[in-house]
Amino acid sequence: MAPEATPAPARVLVVGGGGRENALAWALARCPGVEQVWVSPGNGGTADLPGCHQLAIAEADHAGQLAACRQLAIELVVVGPEAPLAAGLADHLRSAGVAVFGPGADGAQLEASKQWAKALMQEAGVPTAGYWPASSEAEALAVLAAQARPLVVKADGLAAGKGVTVAETLAEARAAVREIFAGRFADGEGASLVLEERTHGPEVSVFALCDGNQLVLLPSAQDHKRIGEGDTGPNTGGMGAYAPAPLLDQDGLEEVLRTVLMPTLAALQARGIDYRGVIYAGLMLTETGPSVIEFNCRFGDPECETLMPLLGPELAAVLWACAKGQLDGAPALTIQPGCSACVVAAAQGYPGSVRQGDPIESGLQPSDTLQLFHAGSRRSPGGACLTSGGRVLAVVAQADDFDSAFERAYGGLAQVRFAGMTFRRDIGHQVRSR
Ligand code: AMP
Ligand code: GLY
């Protein structure tokens, strides 16, 4: 007998306060059957979402999140960011019987430890650059001396996207090693790193939803990591994105499923890990095929904002089914045809220290094909919306082609204003003709 179709959860909690969580809350609140969505702690944008409520609970407050789940009879928790996942929030809630979309601390090591992830990839035969783990400065410097060429230097722990140096020279690689052991990213004591061969090619992000046994592929997406136009300047969390990425057609996606995602899931299972959440593969499309640059244990930001408008109304049921380990009974997730374009507006100074507290004025009227998702914003006691972080908001638009989608997104962005607003005008340059 076929299992009964999983319905949607009526009461959902989204943990986190960025643009990704605003997009998740928006998408889940639109799903038939979802009656109410809470966001903890949310931001100045989630405060305005219809059917959505804010909870002033920090991501790190596991006991507070569990108490809220009990009090509000939450049926599904979706954890947005990596830090609470790596800290075991999903384990804490699951052990109390709450259904959680997001891996436990064991599975979150895919992102939280580069050494662990590289070892798992090697064991699973997943294509990725050759690497050398090192647990002391002397060990790392000895590898560099033996290789006599600049390798990519990666701090082992969560470093908010800032722990990687693609060194051009040996001296730069040595300096990056010394910085890691001097404690720039974490406690220098006990720090470790990975030295990696440099690979070449365009980068693309692939996301799969996982219930511990099965995978559901989402459209691929392309992020823009650098602050400056022409992909220049320092790395950021991401200044814009588009989906689906034409670089990876259906055949390419199937190849990634076969060579990367399925072997990774098998290796997780072999370690006794019941992985229920997103597997995000950051890939480089090299001459010899897709190669994994990194895994993340959550949706990308701003890829999530870009993808959510393309996903069908089954999303809540599908995430719930993943959380319960029951994708078999879930409806198929429909993917809307067309293109999605996302442009991020950041505060002056980003990705360094930024000015904050400026009022955000917006005349943007969201529609079925145009969305405004807040990230670093908050409400003043009087209700005004103020900037409060590096990436302040994202404008996302959909259309039949990328030119029209980006025109719509930039048109939307032109209706938003805050002092010091910074954005790239060339997001999607790879797929736009004007
Ligand atoms: P990550 O934080 O692991 O995403 O790395 C940040 C960026 O560093 C990636 O998006 C790539 O552009 C670059 N990168 C990481 N690993 C490599 C590598 N093995 N070869 C070349 N570039 C890399
Ligand atoms: N946009 C890249 C990330 O979320 O890691």
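When you scan segment 1-29, how many residues do you find that are surrounded by fewer than 24 Cβ atoms within 10 Å (Cβ to Cβ) and either modelled with pLDDT of 95 or more or touching a strand residue (DSSP E or B) at 6+ places or on another chain (Cβ under 9 Å) (or both)?
Kept after step one, since they are surrounded by fewer than 24 Cβ atoms within 10 Å (Cβ to Cβ), are these residues of segment 1-29: 1-8, 10-11, 29.
Next cut, either modelled with pLDDT of 95 or more or touching a strand residue (DSSP E or B) at 6+ places or on another chain (Cβ under 9 Å) (or both) only: 8, 10-11, 29.
Count: 4.
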- Determine if segment 323-337 includes at least one residue that is out of contact with any helix residue (DSSP H, G or I) (no Cβ under 9 Å at 6 or more places or on another chain), touching a residue at least 24 places away in the same chain (Cβ under 8 Å) and not β-branched (Val, Ile, Thr). yes
- Task: Among the residues of segment 229-265, write down those that are assigned to a helix (DSSP H, G or I), polar (S, T, N, Q) and surrounded by 15 or more Cβ atoms within 10 Å (Cβ to Cβ).
- Result: Thr259, Thr264
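Residue by residue, here is whether (1) among the aromatic types (Phe, Trp, Tyr); (2) buried (at least 24 other Cβ atoms within 10 Å of the Cβ) holds:
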| residue | (1), (2) |
| --- | --- |
| Phe299 | yes, yes |
| Leu327 | no, no |
| Gly338 | no, no |
| Ala346 | no, yes |
| Gly352 | no, no |
| Asp358 | no, no |
- Failed condition for Phe295, given (1) among the aromatic types (Phe, Trp, Tyr); (2) more than 16 Å from ligand 1 (Cβ to nearest atom); (3) in a strand (DSSP E or B), with all others met? (2)
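Could you check segment 370-387 and list, in sequence order, the residues that are under 22 Å from the mean Cα position of the chain (by Cα) and not basic (Lys, Arg)? I'd like the intermediate steps shown before the answer.
Start the filter on segment 370-387 by keeping residues that are under 22 Å from the mean Cα position of the chain (by Cα), which leaves 370-378, 387.
Within segment 370-387, Leu370, Gln371, Leu372, Phe373, His374, Ala375, Gly376, Ser377, Thr387 meet the criteria.
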- Query: Checking Ala317 against (1) assigned to a loop (DSSP other than H, G, I, E, B); (2) over 25 Å from Gly238 (Cα atoms), which test does it fail?
  - Reply: (1)
- Yes/no for Glu314 being more than 16 Å from ligand 1 (Cβ to nearest atom), modelled with pLDDT of 95 or more, under 30 Å from Leu370 (Cα atoms) and charged (D, E, K, R): yes
- Message: Can you find, within segment 220-237, the residue that is nearest to ligand 1 (Cβ to nearest atom) among those that are modelled with pLDDT of 95 or more and under 16 Å from the mean Cα position of the chain (by Cα)?
- Response: Asp223
- Residue satisfying all of: in segment 59-70; at pLDDT 95 or above and crowded, with 21+ Cβ neighbours inside 10 Å; nearest to the chain's Cα centre (by Cα) among these: Gln65
- Criterion: touching a Cys at 6+ places or on another chain (Cβ under 9 Å) and surrounded by fewer than 23 Cβ atoms within 10 Å (Cβ to Cβ) - qualifying residue of Ala47, Ala56, Ala73, Ala87: Ala47
- Note on Cys322: of the conditions (1) under 24 Å from Leu76 (Cα atoms); (2) under 20 Å from the mean Cα position of the chain (by Cα); (3) in a loop (DSSP other than H, G, I, E, B), unmet is (3)
- Query: What number of residues within segment 195-213 are within 13 Å of ligand 1 (Cβ to nearest atom), of a type outside the set (Ser, Thr, Tyr) and within 21 Å of Gly300 (Cβ to Cβ)?
  - Reply: 5
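The values are calculated or read from the model by the stated rules, or taken from the named source; none is laboratory data. This one's a predicted model, so the numbers in the text were calculated from it and none came from an experiment. Note: ideal-geometry Cβ built from the backbone for every residue, glycine included; neighbour counts use all protein chains shown.
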